[in-house]
1. Please pick out the residue among GLY227, GLY248, GLY263 that is surrounded by 17 or more Cβ atoms within 10 Å (Cβ to Cβ), at pLDDT below 95 and more than 23 Å from GLN94 (Cα to Cα).
2. Testing ARG42 on (1) under 22 Å from HIS247 (Cβ atoms); (2) out of contact with any His (no Cβ under 8 Å at 6 or more places or on another chain), one condition comes back false. Which one is that?
3. Could you pull out the residue among GLU81, GLU108, GLU72, GLU146 that is touching a Lys or Arg at 6+ places or on another chain (Cβ under 8 Å), of a type in the set (D, E, K, R) and over 18 Å from TYR174 (Cα atoms)?
4. Kindly indicate whether any position in region 22-44 is within 16 Å of the chain's Cα centre (by Cα) and at pLDDT 95 or above.
5. Could you give every pair whose Cβ atoms fall below 6 Å, whose first residue belongs to region 182-207 and is touching a residue at least 12 places away in the same chain (Cβ under 8 Å) and open to solvent by less than 90 Å² (accessible area, probe 1.4 Å), and whose second residue is outside any helix (DSSP H, G or I) and not aliphatic (A, V, I, L, M), counting only separations of at least 6 or pairs across chains?
6. Quick one: count up the residues across region 21-33 that are without any contact (Cβ under 8 Å) to a residue 40 or more places away in the chain and either surrounded by fewer than 19 Cβ atoms within 10 Å (Cβ to Cβ) or β-branched (Val, Ile, Thr) (or both).
7. Is region 64-79 home to any residue that is of a type in the set (Ser, Thr, Tyr) and either surrounded by 23 or more Cβ atoms within 10 Å (Cβ to Cβ) or touching a residue at least 24 places away in the same chain (Cβ under 8 Å) (or both)?
8. Could you please give the count of residues in region 4-20 that are surrounded by 13 or more Cβ atoms within 10 Å (Cβ to Cβ) and not in a loop (DSSP other than H, G, I, E, B)?
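The values are calculated or read from the model by the stated rules, or taken from the named source; none is laboratory data. Note that the coordinates shown come from a computational prediction; the quantities given were computed from them, not determined experimentally. Methodologically, a virtual Cβ is constructed for each residue, glycine included, from the backbone with ideal geometry; neighbour enumeration extends over all protein chains shown. In case anyone asks, the SASA skips ligands and DNA or RNA and just uses the protein heavy atoms, side chains included. Shrake-Rupley method; radii C 1.70, N 1.55, O 1.52, S 1.80 Å.
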Amino acid sequence: GRAIDVRLDLHVPLVVLGQIARLVTLHEESERLARDLGDSPRLARLLYRMSQYAWIEGRYKDGLERAGQALEIATRIGDAEVRVLATYALGLNQCLLGAHREAIALFERVLDGPDTHIARRALALTVPAYIGAACWRGYALTLIGEIGPALETTDRAAQPADESDHPQAQAIAYTMRAIPMLFQGRTDTGLALCERALALCESKALLIWLPAALGTLGWALTLVGRGTEGAVHLERATSAMEATGVHGNLAHMYIWWADALLGAGRLD
């Protein structure tokens, strides 16, 4: 049990350092131990964590399977915190598979379900599940064209992030709030939010979110006609993602990068 717990406790420091592959190895070791012990509470926690790592690495179907197993165990044993976190992890993997309406429904369960009070304090990958769910619900709503609800939802992330004064939460909330604004054409405000997010990532060494902040700022610069600058940021973003193994949304970053290069007149 202690061997499992010490591996679980390595999550935060290794995520901060961007060492996802190391975390996957450690959690696979722990999963074998938990199954040998028949330890359902620890197994459920390991499975939801592994579903998030699968999401980071772009293995969304594996992520869905792991999160589903975690949710089943958590529901059976009455572990409300893991139930919230597994529901959130299901939403993340559905979102990046393109199942946006399914993801929105899952995030709504985190935000407005019976365990909302738990979601406000339960740490998901690096921020409380409530803030993460509000951010990604806003993203999914944006991609199906519901900009008004997307802005309302991302505001629900920004407020607690600012109240917490937690740099990681603020960087994520600012980036995700910028996206519906940029789709809406509010480029000045969106660009300013992206710049704030990147400044936090660089000043606080938030390595796991740095590529997202770089990429979104690069896209915002492209939208205001600064494609050459945008392409530089997007090249940094994709290089960082490739180097760390963070492949969630990597394809989207390449599309934005291509758009920036086109805007810069670099057709080749």
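1. Values: GLY227 fails: at pLDDT below 95; GLY248 fails: more than 23 Å from GLN94 (Cα to Cα).
GLY263 is the lone residue from the list that is surrounded by 17 or more Cβ atoms within 10 Å (Cβ to Cβ), at pLDDT below 95 and more than 23 Å from GLN94 (Cα to Cα).
2. Checking ARG42 against (1) under 22 Å from HIS247 (Cβ atoms); (2) out of contact with any His (no Cβ under 8 Å at 6 or more places or on another chain), the one that fails is (1).
3. Just one listed residue meets the conditions, GLU108.
4. To start, the set of residues in region 22-44 that are within 16 Å of the chain's Cα centre (by Cα) comprises none.
The answer is no; no qualifying residue exists.
5. Cβ pairs passing all conditions: CYS201/TRP209; LEU207/GLY18.
6. The initial filter retains those residues of region 21-33 that are without any contact (Cβ under 8 Å) to a residue 40 or more places away in the chain, namely 22-33.
Narrowing further to those that are either surrounded by fewer than 19 Cβ atoms within 10 Å (Cβ to Cβ) or β-branched (Val, Ile, Thr) (or both): 22, 24-25, 28-29, 32-33.
Residues in region 21-33 being without any contact (Cβ under 8 Å) to a residue 40 or more places away in the chain and either surrounded by fewer than 19 Cβ atoms within 10 Å (Cβ to Cβ) or β-branched (Val, Ile, Thr) (or both): 7 in total.
7. No, every residue in region 64-79 fails to be of a type in the set (Ser, Thr, Tyr) and either surrounded by 23 or more Cβ atoms within 10 Å (Cβ to Cβ) or touching a residue at least 24 places away in the same chain (Cβ under 8 Å) (or both).
8. Residues in region 4-20 being surrounded by 13 or more Cβ atoms within 10 Å (Cβ to Cβ) and not in a loop (DSSP other than H, G, I, E, B): 8 in total.
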